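A.B. asks: Handing you a structure now.
Please treat every number below as a calculation from the coordinates, not as lab data. Predicted, not measured: the structure shown is a model, and the values here were computed from it. Neighbour counts run over all protein chains shown; Cβ positions are idealised from the backbone, glycine included.
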Amino acid sequence: MLFFAIIAVVVVLAPGSGVVAERFFSPQHLWQSLVGSEGEPSVLGAFLLNVKIFMVSEVFILILALIIAVVRGIPGPVFFPFRLVAVAYTDLFRGVPLILVLYMIGFGVPGLGLGFVSYLPDVTYGVISLVLVYSAYVAEVYRAGIESVHESQNAAARSLGLTRWQSLRFVVLPQAIRRVIPPLLNDFIGLQKDTALVSVLGSIEAARAAQIYSASQFNYASYVVAALLFVLITIPLARFTDRLIARDKRRREAGGLA
Amino acid sequence: MSEQPALLLEGVHKSFGENEVLKGIDLRVEPHEVVCLIGASGSGKSTLLRCVNLVEQIDSGRVVVAGEEITAEGVDANRIRRRIGIVYQSFNLFPHMTVLRNITLAPREALGTDRAEAEKDARALLERFGLLDKQEEYPDRLSGGQQQRVAIVRALAMRPHLMLLDEVTSALDPELVAEVLAVIKELAREGMTMLIATHEMGFARDIADRICFLEAGRILEQGKPDRIFTAPEHPRTRQFLARIIEAGRL
């Protein structure tokens, strides 16, 4: 709180505060950029694209990352090549900056001339890039979760005659995923923000719409609007996760029907 | 020819790296027999049980369950484990599942029993061991004794031919030991074949048809409980029992 108070005081007392107030916080420009006008796209409308990109990517990331994490954990020499691929994947896509992946996928794949694969909408290449990069991170989160489940749980399941896969599916993964919900959410907040980078491929999402507005109106209020929209959607996500965690805890402690 | 043994171990060896834990175990358990393994910690009791359940692979020798050599090449370990129940010291219930789901998981997924039937069986077992009111509870709401009884019921739900119990009371508070031992006695009375590793000498003497004394990976001595406890032949057995008596555990 004190931190925000100091920032506020600095901003208000700074010599240029009047100019900043006009350029960033003018109520008229805030509103106009939010809803859009004839010349400029609405930041709010464009933000819906961010939400869409986020929602679609999220589903694919959850699935792909889980596959990578599980493959990485399969024991036995026969599966060594699969494990190697999984490790190489995570190393590669965690290492390369997202914006470079976007350029390579967004401009590279269309250049390959691979039939319809090369003629997808820009947004699709954006989603593919996000999925590739974030799956590498999320796979590591899953893996940490899987490793946090004590080996005795797996031993108990296998002793009952369940197969390795059944043990993973019914005993290990449910416990692992429950434990990693908070770090998963953390990655998804990052994802939500990084949807803005898809604009480098030409898609008009919130950040790009804000840029268009500021370029034609010489006013930065559109950026403030875009920023607020990102914050607004993050907060419900955070509260939602808190509730999931609390519910799970309550259910286990209360026992029974919840 | 006597009846086919429920369990037969011949020359079983098991090492962990340099450490040879089982140095040639020969053991025969008849159907409906209750055999208790006693001996100091590290004598190989738990490893022996884990080898029978194929959690550990033996290095040499063979293990035969009801006529089938389960340590032979190419035997499906999952199929064998479904016929052999094992209960561990640390319960290992699944914390994210209700008691009922803990018990029905393996029958449903490994045996393909349909849900209604699996739950009916599970409730019948829970009722028999006085746990029916706990069926919707999650494990961490139960006492240690209740959790261990649920773990036993979970193993029984697979209708095993043989039960292996590995120090099942060692993690319990003393006042909770009796309820678990009562369940095991009930099983013995019904004729369940059991191989039990235990430190509860009074219990072993009471329940076992035969006692095996393990020391450093070998069965040094075995026989009727009365004989083992009153007239042990081997000096190591005498020494072990003397220490137990000294500790007030017999």
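A.B. asks: Going by a ≥ b ≥ c, the root eigenvalues of the Cα gyration tensor, does chain B fall in the rounded group (a/c under 1.5), the prolate group (a/b larger than b/c) or the oblate group? Kindly include the intermediate steps, with their values, before the conclusion.
C.D. replies: Working: a/c = 1.85, a/b = 1.31, b/c = 1.41.
Because a/c hits 1.5 or more and a/b fails to exceed b/c, chain B counts as oblate.
A.B. asks: Once you order the gyration tensor axes a ≥ b ≥ c over the Cα atoms, which shape class does chain A get: rounded for a/c under 1.5, otherwise prolate or oblate by comparing a/b with b/c? Don't skip to the answer; put the middle values down first.
C.D. replies: On the way: a/c = 2.78, a/b = 1.60, b/c = 1.74.
Oblate.
A.B. asks: Then there's this: Could you tell me what percent of the DSSP beta bridges with both partners in the protein assembly as shown are antiparallel, to the nearest 5? Show your work: numbers first, answer last.
C.D. replies: Details: 20 of 37 bridges.
Rounded to the nearest five, the antiparallel share is 55 percent.
A.B. asks: Arrange the following residues from fewest to most other Cβ atoms within 10 Å of their Cβ: A:L237, B:L241.
C.D. replies: On the way: A:L237 14, B:L241 19.
If I rank by nearby Cβ atoms, fewest first, I get A:L237, B:L241.
A.B. asks: Hey, rough spin-label estimate for B:E190 and A:W165, points 7 angstrom out along Cα→Cβ, what's it come to in nanometres?
C.D. replies: Taking the two extended label points, one gets 3.3 nm.
A.B. asks: Averaged over A:148-160, how many beta carbons belonging to a partner chain fall within 10 Å of each residue's beta carbon?
C.D. replies: On the way: counts 0, 2, 2, 0, 5, 5, 1, 7, 13, 6, 6, 17, 19.
Counting other chains' Cβ atoms within 10 Å and averaging over A:148-160 gives 6.
A.B. asks: Here's something else I'd like to know. On a straight-distance basis, which lysines could pair with A:K52 in a cross-link, Cα separation under 18 angstrom, same-chain partners fewer than 8 positions away excluded?
C.D. replies: Partners within reach: A:K193.
A.B. asks: Specify the residue with the greatest mean-square fluctuation among A:S118, A:S222, A:S17, computed from a Gaussian network of chain A linking alpha-carbon atoms under 10 Å apart.
C.D. replies: A:S17
A.B. asks: Restricting to lysines 8 or more places apart or on different chains, can you count the pairs in chain B with Cα atoms under 22 Å from each other? Don't skip to the answer; put the middle values down first.
C.D. replies: Details: B:K14/B:K23; B:K14/B:K45; B:K23/B:K45; B:K45/B:K185; B:K45/B:K224; B:K120/B:K134; B:K134/B:K185; B:K185/B:K224.
Summing the qualifying lysine pairs gives 8.
A.B. asks: In addition: Determine the relative contact order of region B:7-246: mean sequence separation of Cα pairs under 8 Å and six or more apart, normalised by residue count, in whole percent. Please report the intermediate quantities before stating the final value.
C.D. replies: Details: 415 pairs, mean separation 66.9, N = 240.
Relative CO of region B:7-246 lands at 28 percent.
A.B. asks: Still on this structure, I have one more. Can you grab the distance from the C-alpha centre of region B:190-232 to the C-alpha centre of region A:123-152, Å, no decimals?
C.D. replies: 51 Å
A.B. asks: Could you estimate the translational diffusion coefficient of the protein assembly as shown from the Stokes-Einstein equation, with Rh from the Kirkwood formula over C-alpha pairs, at 25 °C and 0.890 mPa s, in whole µm²/s? Don't jump to the answer; show the numbers that get you there.
C.D. replies: Values: Rh = 27.6 Å.
The calculation lands on 89 µm²/s.
A.B. asks: With n ≥ 4 as the cut-off for DSSP H runs, can you work out [θ] at 222 nm for chain B, using -39500 (n - 2.57) per run divided by the number of residues, rounded to the nearest 500? Don't jump to the answer; show the numbers that get you there.
C.D. replies: Numbers: 9 runs with 95 residues, N = 250.
The helix-only estimate for chain B comes to -11500 deg cm²/dmol at 222 nm.
A.B. asks: Taking other Cβ within 10 Å of each residue's Cβ, how do B:Y138, A:Y213, A:Y89 sort, fewest first?
C.D. replies: Details: B:Y138 22, A:Y213 29, A:Y89 18.
Final ranking by Cβ density, sparse to dense: A:Y89, B:Y138, A:Y213.
A.B. asks: Using 0.36 nm times the number of residues separating A:I235 and A:A8, minus their current alpha carbon distance, what extension gain do you get? Write down the numbers at each step before the final one.
C.D. replies: Values: separation 227, 0.36 × 227 = 81.72 nm, distance 2.15 nm.
Working it through step by step, the gained length comes to 79.6 nm.
A.B. asks: Could you work out how far the C-alpha centroid of region A:163-210 sits from that of region B:97-143, in angstrom?
C.D. replies: Region A:163-210 and region B:97-143 have Cα centres spaced 35 Å from each other.
A.B. asks: Antiparallel as a % of all DSSP beta bridges within region B:7-246, to the nearest 5? Intermediate results must be reported in sequence, preceding the final value.
C.D. replies: Numbers: 20 of 37 bridges.
Antiparallel bridges make up about 55 percent of those DSSP assigns within region B:7-246.
A.B. asks: What is region B:58-181 by shape, rounded, prolate or oblate, if you read a ≥ b ≥ c off the alpha carbon gyration tensor as root eigenvalues and call it rounded for a/c under 1.5, prolate for a/b larger than b/c, and oblate otherwise?
C.D. replies: Values: a/c = 2.34, a/b = 1.40, b/c = 1.67.
Verdict is oblate for region B:58-181.
A.B. asks: Here's something else I'd like to know. Give me A:F25, B:F213 ranked fewest to most by other Cβ atoms within 10 Å of their Cβ, as a rough exposure proxy.
C.D. replies: The fewest-first ordering by Cβ neighbours comes to A:F25, B:F213.
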